[in-house]
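Q: What follows is a structure written as structure tokens; I'll ask about it next.
The values are calculated or read from the model by the stated rules, or taken from the named source; none is laboratory data. These figures come from a predicted structure and were not determined experimentally. A quick note on method: Cβ atoms are made from the backbone with ideal geometry, for glycine too, and the neighbour counts reach across all protein chains shown.
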């Protein structure tokens, strides 16, 4: 009973936190894009525009919900659900802190400590493709269909390098459990002063993983599925009101999960270098670890936005060439080199 | 108790959606029903505490292969009415009889454990840690089949490349 209650609280906290973060990430994107383009951005609703997400949400809810007559109704309605649920599920295995002790009870700050952790994230990410494909097909319109086809081809291609780049990390840490990967990064050090974060042990894997994560989240420079100059809005052209908002939320939830996973796998997750003993579990230390995780995740979220408003979009053949002829061979070479070094260094 | 209810739920959905795979006329709906079936099978693996198998089932089948299926169906069906005609062959009735016979055979063999033999004993090593157990088995007892499978996959890959990538037709030799 106790366990169920604690789990329920953790689930609600994570889902609530994720949705709140999605709302404010949208605001952050508008603000940052404005600063990059030398504008002010939304600043009318509340101080510095901080209540803008509320206004956006209300607007989405009260917009007319148009269902075009030429769509495949069942699949058209299922698609936004099919994209939002996997996007929200992925975060369940990410450890957003170490343990915290409240009222004499030690709680692990992670919804589910699965021993297949990272595979679960890959699985939910691969299920996310269905929403895009279904939306594209069920809309029964050429722009949406082209967007859906582009998305499925792109996501299949980049899933391979995403998965293969992880193998090097898994070889170094020797486990699939995300929390143990963090612990293995926190408790070792390189040359005595550098924390042994996987970004130093596996720099190439980090690069491949980050690029593939951008492609998986359909963010610029890989936003071919919804490139607005060619395809109106791609796979969600025919959606309006809250259903459109669900596609939007799914994209931002994907970004948050991707950033959290990058921080966890390559930048030591909740590990605070130099200042804090990783085994310290006092309340202050626990909160500091959560803060460290949030800062690292926040940095990668900023990177997502920064790249979007800096780089132009790839051409489609360039996307495919980068995925299959550059990232995939590099990822395989990384696995091979890591293996050779581990055997030699034994 | 909870596990039993979950098992019945997922098993029922798996059977129902696998029936829909053959009953739907629209190939996209068929493919989606197959995805639902595979997903339920993965859930059954989770109930058996075979987490690794469940994850791989979703990543490989539901996540990669079925997306590819959908992709091909969507590409091939552009501009055609997306409905499959029921087959009208000489051997239609014969094939129905054969399939029903095979199904009956399967059910009886399952019921009498004629083919199954005694129930497999749960292995303590596997229950503790799926991944290490599977990895060790693959690289010791099952190394030869494992390598054979990878060889078959490699041959299939090369075969696909040869079939798909035709040489461009040679232009007639230029006159010197």
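Q: Name the residues in segment A:41-84 that are touching a helix residue (DSSP H, G or I) at 6+ places or on another chain (Cβ under 6 Å) and without any contact (Cβ under 8 Å) to a residue 12 or more places away in the chain, would you?
A: A:41, A:43, A:45
Q: Which count do you get for residues in segment A:205-222 that are more than 30 Å from residue A:339 (Cβ to Cβ) and surrounded by 21 or more Cβ atoms within 10 Å (Cβ to Cβ)?
A: So the count comes out to 1.
Q: Continuing with the same structure: Please verify whether residue A:134 is modelled with pLDDT of 80 or more, within 25 Å of residue A:336 (Cβ to Cβ), surrounded by 20 or more Cβ atoms within 10 Å (Cβ to Cβ) and facing chain B (nearest Cβ under 10 Å), treating the condition exactly as stated.
A: In short, no.
Q: Hey, another quick one. Against the conditions (1) farther than 20 Å from residue A:110 by Cα; (2) surrounded by fewer than 24 Cβ atoms within 10 Å (Cβ to Cβ); (3) in contact (Cβ under 8 Å) with a residue 60 or more places away in the chain, where does residue A:236 fall short? Just the number, please.
A: So the condition that residue A:236 fails would be (2).
Q: Quick one: count up the residues across segment A:82-92 that are more than 13 Å from every other protein chain (Cβ to nearest Cβ) and more than 19 Å from residue A:162 (Cβ to Cβ).
A: Result for segment A:82-92: 2.
Q: Can you confirm whether residue A:165 is touching a residue at least 40 places away in the same chain (Cβ under 8 Å), out of contact with any helix residue (DSSP H, G or I) (no Cβ under 6 Å at 6 or more places or on another chain) and either within 21 Å of residue A:230 (Cβ to Cβ) or more than 7 Å from every other protein chain (Cβ to nearest Cβ) (or both)?
A: no
Q: Okay, next question. Hey, can you tell me all the residues within segment A:168-192 that are free of Cβ contacts under 8 Å to residues at least 24 places away in the same chain and out of contact with any helix residue (DSSP H, G or I) (no Cβ under 8 Å at 6 or more places or on another chain)?
A: Those that are free of Cβ contacts under 8 Å to residues at least 24 places away in the same chain and out of contact with any helix residue (DSSP H, G or I) (no Cβ under 8 Å at 6 or more places or on another chain): A:188, A:189, A:191, A:192.
Q: Mind checking which residues of segment A:103-127 are away from chain B (no Cβ under 13 Å) and either free of Cβ contacts under 8 Å to residues at least 24 places away in the same chain or assigned to a loop (DSSP other than H, G, I, E, B) (or both)?
A: Residues satisfying the conditions are A:103, A:104, A:109, A:110, A:111.
Q: Please go through (1) closer than 30 Å to residue A:231 by Cα; (2) in contact with a helix residue (DSSP H, G or I) (Cβ under 7 Å, 6 or more places away or on another chain); (3) part of a loop (DSSP other than H, G, I, E, B) for residue A:140 and return the number of the only condition it doesn't satisfy.
A: Only one criterion in (1) closer than 30 Å to residue A:231 by Cα; (2) in contact with a helix residue (DSSP H, G or I) (Cβ under 7 Å, 6 or more places away or on another chain); (3) part of a loop (DSSP other than H, G, I, E, B) is unmet by residue A:140, namely (2).
Q: Scan A:23, A:4 and give me the residue that is under 27 Å from residue A:112 (Cα atoms) and touching a residue at least 24 places away in the same chain (Cβ under 8 Å).
A: A:23
Q: Would you say residue A:158 is touching a helix residue (DSSP H, G or I) at 6+ places or on another chain (Cβ under 8 Å), facing another protein chain (nearest Cβ under 9 Å) and closer than 26 Å to residue A:93 by Cβ?
A: Considered against the rule, which asks whether it is touching a helix residue (DSSP H, G or I) at 6+ places or on another chain (Cβ under 8 Å), facing another protein chain (nearest Cβ under 9 Å) and closer than 26 Å to residue A:93 by Cβ, residue A:158 comes out as no.
Q: What is the one condition in (1) crowded, with 23+ Cβ neighbours inside 10 Å; (2) at pLDDT below 85; (3) more than 23 Å from residue B:61 (Cα to Cα) that residue A:168 does not satisfy?
A: For residue A:168, the failing item is (2).
Q: Still on this model: Among the residues of segment A:93-102, how many are crowded, with 20+ Cβ neighbours inside 10 Å and either within 14 Å of another protein chain (Cβ to nearest Cβ) or in a strand (DSSP E or B) (or both)?
A: So the answer is 1.
Q: Take residue B:137 and tell me if it is closer than 23 Å to residue B:23 by Cβ and at pLDDT 75 or above.
A: no
Q: Further question on the same structure: Only one of these is farther than 30 Å from residue A:73 by Cα and touching a helix residue (DSSP H, G or I) at 6+ places or on another chain (Cβ under 8 Å): A:312, A:221, A:273. Name it.
A: So the residue among A:312, A:221, A:273 that is farther than 30 Å from residue A:73 by Cα and touching a helix residue (DSSP H, G or I) at 6+ places or on another chain (Cβ under 8 Å) is A:221.
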